[in-house]
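Taken together, the values in this text are just the output of simple stated rules run on the coordinates, not laboratory data. Every value quoted in this text rests on a predicted model; they were computed, and no experiment measured them. Don't worry about glycine lacking a Cβ; one is built from the backbone with ideal geometry, like all the others, and counts go over all protein chains shown.
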């Protein structure tokens, strides 16, 4: 009997050809005829690996927990490094170039704390309900609000995708790559990532690409920042810098929009579902999200430090286009540093293009009730893959329009993200406070206090921008 207890759990049945036909023909699982899909089998295999790792952890009582975390880490890191996208890193670059490090370094840390509060709720929501964000909104609030939230997401996602290809074009442009070729490379990478037919493989490929967001760190080190000033900035929040009030407000909103956006809610919740996470995985999901927020905040601060020499040397970066930041900082951080910075912008665009197009495809699939999983092959979920790749192609094509004001587009998209976030966050708060949906994992007092605080801050930022746009004299010269 002891030997039986010591055996690891048996893996789930996997047919030779994991389709419904194979399931129907199997003598081991006739009751699954017409029900077992490629998605079901792949997700069951992923869950078995987690169960086996937990069994080994209980047996060894050593570092088995690390293997469980390795299997469960993914959506949280991806959502934050994906949000460290091309417009976000260029917004941070514009911040460092125009105003240095004083006010904005601790402010950026605050925005990531806001993002962490919001994304933790999506982890719980996805793990408990096993349903995507768009699907839940349609079911709980009806078609009108469902389509309202979808419109919010689709507009923001497509505009953001355009900026990702701006970043891809800008990053490779530093090395003399023609725009058409740069955009083609971006679309090809998105296509290659989705052809695996397996969520796990897609996630690990995208995580491997996301690691290169760290290229901003050596670029920052090569700028030789005054580390005592950086520490002072983090510990003592200096006042807002002097200058054009409207320009400062736009950068403040752009930096918030670089961290907290609607696509993140839809993507992480759907990725948690696609990964097959369960309520017992919520703690690991929180660690995953915290790790993503920490990494992304470090890389964001590095982008500010890398361009801060432009501020210290009085270089006017207000009219810089995307590619000009790498060229402008080259005299102070060298060709190697500038090349790393340009490659970082390219990576930021690539990873975000993959994640954001996947977010749109998830939402459309949930609403249209068609296959919407990266565990499904093309023949079973072709609308999902068509939306994913088609949105990337359309956004890449728009970037090739001559004479487009790229830097203006980048900053404006992040501002739009801030304005679109309060209604998306309102739906999230209503869902995580619905006991019929969440059961024992419903929001507590402190979770609600933190979530409502973030919602109020975003709403105030949006109202401030609206008032400043209508009454520009409110901000002075």
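General remarks:
- Averaging the sequence gap over all C-alpha pairs within less than 8 Å and six or more residues apart, then dividing by the number of residues, gives the range 74-475 a relative contact order of 37 percent.
- Diffusion coefficient of the range 137-284 by Stokes-Einstein, Kirkwood radius over Cα pairs, 4 °C, 1.567 mPa s: 66 µm²/s.
- Judged by the mean number of other Cβ atoms found within 10 Å, the most tightly packed of the peptides 447-456, 351-360 leads the ranking 351-360, 447-456.
- Neighbour-count order for 56, 242, 275, fewest beta carbons within 10 angstrom listed first: 242, 56, 275
- Compared with the direct C-alpha span, the chain from residue 141 to residue 180 gains 9.7 nm at full extension, assuming 0.36 nm per residue.
- Inter-site label distance for residue 312 and residue 401 at 7 Å from Cα along Cβ, in nm: 4.0
- P(r) of the range 73-216 over all Cα-Cα pairs, binned every 10 Å from zero, in whole percent: 9, 28, 38, 21, 4, 0
- Computing FRET efficiency as 1/(1 + (r/R0)^6) for residue 283 and residue 70, where r is the C-beta to C-beta distance and R0 is 22 Å, gives about 0.90.
- Counting every other Cβ atom within 10 Å of each residue's Cβ, 47, 204 order from fewest to most as 204, 47.
- Cα centroid separation, the range 263-301 to the range 219-252 (Å): 28
- Exposure proxy ranking for 427, 287, 384, based on other Cβ atoms within 10 angstrom of each Cβ and starting from the fewest, stands as 287, 427, 384.
- Whole-Å distance, taken between Cα centres, linking the range 149-201 and the range 324-341: 23
- Length gained on full extension, residue 235 to residue 221, computed as 0.36 nm times the residue gap minus the Cα-Cα distance: 3.0 nm.
- For residue 48 and residue 441, the FRET efficiency from 1/(1 + (r/R0)^6), where r spans their Cβ atoms and R0 equals 22 Å, is about 0.40.
- Compared with the direct C-alpha span, the chain from residue 453 to residue 379 gains 22.2 nm at full extension, assuming 0.36 nm per residue.
- Note on residue 369 and residue 191: their simple-model spin labels are 3.3 nm apart, each label 7 Å out from Cα toward Cβ.
- Protection proxy ranking, peptides 252-260, 433-441, average beta carbon neighbours within 10 Å, highest first: 252-260, 433-441
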